[in-house]
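*Asks:* Handing you this structure, nothing more for now.
The values are calculated or read from the model by the stated rules, or taken from the named source; none is laboratory data. Owing to the predicted nature of the structure, the values given are computational and were not obtained by experimental measurement. We place every Cβ from the backbone using ideal geometry, glycine too, and count neighbours over all the protein chains shown.
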Amino acid sequence: MGCGPDVFRLFDLADALIRDNRARRYGGAPSVGSSQAPGPSLREQLYEMYERGELDEETFRDLQDLAARGRLHPVDLAVLRYERRQKVNARPRESEEDVAIRKLRARIARLEEAREESSRVLASLRERIADMEERAQRREEAARLAVAKDETLARRYLMEKQELMEAQARLVEQARALEEDLARLGELQAKLEAKVIELEALRSRQELQTLRTEDI
């Protein structure tokens, strides 16, 4: 059967990793229902519609492209939901493999988006870390120049340097966590893609077996 324990486990792993990664990207500790991340984006709503079978593969890919270019609008999804309600009884029955493949692909799309967003956040963090390093060095140099004339001013510069270094350390830790996330996201995406290929092969064998049976 397509949706066996291994497939459900992949669903759970993907959902947990995406949730925790989103929390880290928004600066919060990983937790269920983190209030720091925003509500469902249009892309998230798109994934949910596809996962529920409200969009076919071609429509999903077309809308993904629009979303990636910032051209997907709420009205687009509203129209699709309306059209879906009009055709609720016209959709052909899906096999268990079809359902599992669709749900896996929806999570693969989420993993891809998480990797893209994490890469952007990581690049920004690295810029901020470098900026803080430069500012801390300037404070240290200023303290060195001031110490002979004004020890109080020199101490203030050194305190400012310490604050910058502490803030930098927190950003470094956040960046390290995102780097680890990127590796995990990539590894898990590869596993989901392999499972899709496995299920597609199983579906093809079953279809072939059905044709052979009908020919007998």
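*Asks:* Please find, within the stretch 142-154, the residue that is farthest from the chain's Cα centre (by Cα) out of those that are farther than 20 Å from MET132 by Cβ and charged (D, E, K, R).
*Replies:* Taking the candidates together, the pick is LYS149.
*Asks:* Starting from residues that are basic (Lys, Arg) and more than 14 Å from GLU112 (Cβ to Cβ), keep the ones in the stretch 37-72 and report whichever is modelled with the highest pLDDT. Let's see the steps before the verdict.
*Replies:* Of all residues in the stretch 37-72, those basic (Lys, Arg) come to 43, 52, 61, 69, 71.
Within this subset, residues satisfying the condition of being more than 14 Å from GLU112 (Cβ to Cβ) are 52, 69, 71.
Values: ARG52: 87, ARG69: 87, ARG71: 91.
By that ranking, first place goes to ARG71.
*Asks:* Just one of ARG9, ARG24 is in a helix (DSSP H, G or I), over 23 Å from PRO74 (Cβ atoms), at pLDDT 90 or above and of a type in the set (Lys, Arg); which is it? Before you say what the answer is, go through the steps one by one.
*Replies:* Numbers: ARG24 fails: at pLDDT 90 or above.
Being in a helix (DSSP H, G or I), over 23 Å from PRO74 (Cβ atoms), at pLDDT 90 or above and of a type in the set (Lys, Arg) holds for just one of ARG9, ARG24, which is ARG9.
*Asks:* Oh, and also: So, in the stretch 139-152, exactly how many residues are loosely packed, with under 14 Cβ neighbours inside 10 Å and assigned to a helix (DSSP H, G or I)?
*Replies:* Our first condition is that a residue be loosely packed, with under 14 Cβ neighbours inside 10 Å; within the stretch 139-152, this holds for 141, 144-145, 148-152.
Keeping just the survivors that are assigned to a helix (DSSP H, G or I) gives 141, 144-145, 151-152.
Qualifying residue count for the region: 5.
*Asks:* Report, ordered by the first and then the second residue, all pairs with beta carbons closer than 6 Å, sequence separation of six or more or different chains, a first member in the stretch 178-200 that is over 19 Å from VAL7 (Cβ atoms), and a second member that is among the polar types (S, T, N, Q).
*Replies:* Filtered contacts from the stretch 178-200: LEU178/SER118; ASP181/ASN21; ASP181/SER118; LEU182/SER118.
*Asks:* Kindly indicate which of LEU72, LEU80, LEU66 is buried (at least 19 other Cβ atoms within 10 Å of the Cβ) and at negative phi.
*Replies:* Values: LEU80 fails: buried (at least 19 other Cβ atoms within 10 Å of the Cβ); LEU66 fails: buried (at least 19 other Cβ atoms within 10 Å of the Cβ).
Being buried (at least 19 other Cβ atoms within 10 Å of the Cβ) and at negative phi holds for just one of LEU72, LEU80, LEU66, which is LEU72.
*Asks:* Restricting to the stretch 95-138, what's the tally of residues that are among the aliphatic types (A, V, I, L, M), touching a residue at least 60 places away in the same chain (Cβ under 8 Å) and within 21 Å of LEU10 (Cα to Cα)?
*Replies:* At the first step, the residues of the stretch 95-138 found to be among the aliphatic types (A, V, I, L, M) are 99-101, 104, 106, 108-109, 111, 114, 121-123, 125, 129-130, 132, 136.
Adding the requirement that they be touching a residue at least 60 places away in the same chain (Cβ under 8 Å) leaves 99-101, 104, 108-109, 111, 114, 121-122.
Next, from what is left, pick out any that are within 21 Å of LEU10 (Cα to Cα): 99-101, 104, 108-109, 111, 114.
The number of residues fulfilling the criteria is 8.
*Asks:* Only one of LEU153, LEU171, LEU158, LEU145 is out of contact with any Gly (no Cβ under 7 Å at 6 or more places or on another chain) and in contact (Cβ under 8 Å) with a residue 24 or more places away in the chain; which?
*Replies:* LEU171
Conditions tested, residue by residue: (1) at pLDDT 95 or above; (2) in a helix (DSSP H, G or I); (3) of a type in the set (Asp, Glu).
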residue: ILE108; (1), (2), (3): yes, yes, no
residue: ALA130; (1), (2), (3): yes, yes, no
residue: GLU163; (1), (2), (3): yes, yes, yes
residue: GLY186; (1), (2), (3): yes, yes, no
residue: ALA190; (1), (2), (3): yes, yes, no
residue: GLU200; (1), (2), (3): no, yes, yes
